[in-house]
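Here's the structure, in structure tokens; my notes come after.
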Amino acid sequence: MHYLITGHTGFKGAWLALMLTQRGHTVSGLALDPAPGSLYERVRLSTLLRRDLRVDIRDARATLQAIVALEPEVVLHLAAQPLVRESYRDPRATYETNTLGTLNVLMAVEATSSVQAQVIITTDKVYRNVNQIWGYRESDPLGGVDPYSASKAAADLITQSWMRTSGSGVPTAIARAGNVIGGGDVCADRLMVDLIAAFSSGQSVHIRNPGSVRPWQHVLDCLHGYLELTDSLLRGESSGEAFNFGPDTDSFVQVGAVAAAVASLWGEDSVVEVDAGPHVHEAALLALDSRKAELLLGWRSRISFQEALAWTVAWEKEIRTGGDGRAVSLAQISQFMSRGVRRRV
Ligand SMILES: NC(=O)c1ccc[n+]([C@@H]2O[C@H](COP(=O)([O-])OP(=O)(O)OC[C@H]3O[C@@H](n4cnc5c(N)ncnc54)[C@H](O)[C@@H]3O)[C@@H](O)[C@H]2O)c1
């Protein structure tokens, strides 16, 4: 089938495009320019795509024209400003991209007769965070203190409203996942990226909020969830629904413990120090309950927390010792797909 990924020049989008092309699908992409040293560049993604477009989704007209002309059969909407701290620096651009940008994509898809399924990617941060120790369920109230979380909660609500009122008839669902890690991420302000950048240049790293708990998940587990949800839509199931895709409970780990584990995997006398702040508000405790995806989609995480760290460090080390980005990434995808689901811990 012909898949359109918005945000294919980013971290998740590039992995997703690779997974889909490896499965034999045709893929087009619509996004802004890739960041220097991005996964998109490392895997030479443009050579695998039918069309590789630079479109700002804040521009409704350009988004409409591009999607109508592409005639995709499936749309996976990932394009976003995805960083909490950047959302404090530039709230307007964050809100415009994440809310109106999402509406522009939904409206363009409605005007495109070829689309048989679309998945809108939001985040675990859409839930009203009450620092509960158990995971959020899809029926929990949405909210968001920082501009990023609020903008994604708004995008989620826009999509829910659209699914009920637009009358477009395109099977649509929402996917909410948490902090993903994996090789090739270059977004500053993300723990794993900051750790590897510092360790690979022989510098000590300063982490903020070492006591914050996050659900750490390998990017392939999360993307596999998106694709299981897409397949469900194509079978005529799951439309109008939201699904969480979080890791097993052994992956709910404090930031400080993640930093220590990565330092140990990286070796070479890696040093971690705590940056006492002050810092802008970020949720201290965030966990997802993914039993709906397990029960209705048959999805389960395949990679443990320790393996997720090890696969990420292995990818980054292979690239730094001359490994080919596409070959290393496709090998990890093949390894992932050959696995069964993990036993619940
Ligand atoms: N990485 C994570 O840990 C994580 C966690 C939860 C949710 N998400 C969500 O997953 C999606 C992908 O995140 P990512 O980590 O790959 O981010 P990323 O920053 O690596 O990629 C973002 C992509 O969106 C595109 N984009 C940004 N603004 C745009 C605009 N105005 N018009 C068109 N394209 C635009 C970029 O060009 C890029 O291709 C986002 O929706 C994000 O909110 C990510």
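The values are calculated or read from the model by the stated rules, or taken from the named source; none is laboratory data. Because the structure is predicted, anything quoted here is derived from the model rather than measured. Note that we place each Cβ from the backbone using ideal geometry, even for glycine, and neighbour counts take in every protein chain shown. Note: areas computed on protein heavy atoms with side chains; ligands, DNA, RNA excluded. Shrake-Rupley method; radii C 1.70, N 1.55, O 1.52, S 1.80 Å.
Do you know which of the residues in the stretch 311-341 that are open to solvent by 40 Å² or more (accessible area, probe 1.4 Å) and in a loop (DSSP other than H, G, I, E, B) is modelled with the lowest pLDDT? Per the criteria, the residue is V341.
Residue pairs whose Cβ atoms lie under 6 Å apart, sitting 6 or more positions apart in sequence or on different chains, and linking a residue in the stretch 18-42 that is more than 24 Å from G101 (Cα to Cα) and part of a loop (DSSP other than H, G, I, E, B) to a partner that is more than 8 Å from the ligand (Cβ to nearest atom) and among the aromatic types (F, W, Y), are H25/Y3. Scanning the stretch 59-84 for residues that are more than 21 Å from G225 (Cα to Cα) and either crowded, with 16+ Cβ neighbours inside 10 Å or hydrophobic (A, V, I, L, M, F, W, C) (or both) yields a total of 12. When V55 is tested against (1) free of Cβ contacts under 8 Å to residues at least 40 places away in the same chain; (2) more than 13 Å from the ligand (Cβ to nearest atom); (3) aliphatic (A, V, I, L, M), exactly one condition is not met: (2).
Being of a type in the set (K, R) and either at positive phi or more than 9 Å from the ligand (Cβ to nearest atom) (or both), is that true of even one residue in the stretch 28-44? For the stretch 28-44, residues of a type in the set (K, R) and either at positive phi or more than 9 Å from the ligand (Cβ to nearest atom) (or both): present.
Taken across the stretch 142-149, residues that are of a type in the set (G, A, S), over 19 Å from F243 (Cβ atoms), within 18 Å of the chain's Cα centre (by Cα) and at pLDDT 95 or above do not occur at all. Applying a threshold of 6 Å to beta carbon distances and a minimum spacing of six or more residues, or different chains, the list of pairs starting in the stretch 66-80 at a residue that is over 19 Å from T159 (Cα atoms) and hydrophobic (A, V, I, L, M, F, W, C) and ending at one that is open to solvent by less than 10 Å² (accessible area, probe 1.4 Å) and within 10 Å of the ligand (Cβ to nearest atom) reads A66/L30.
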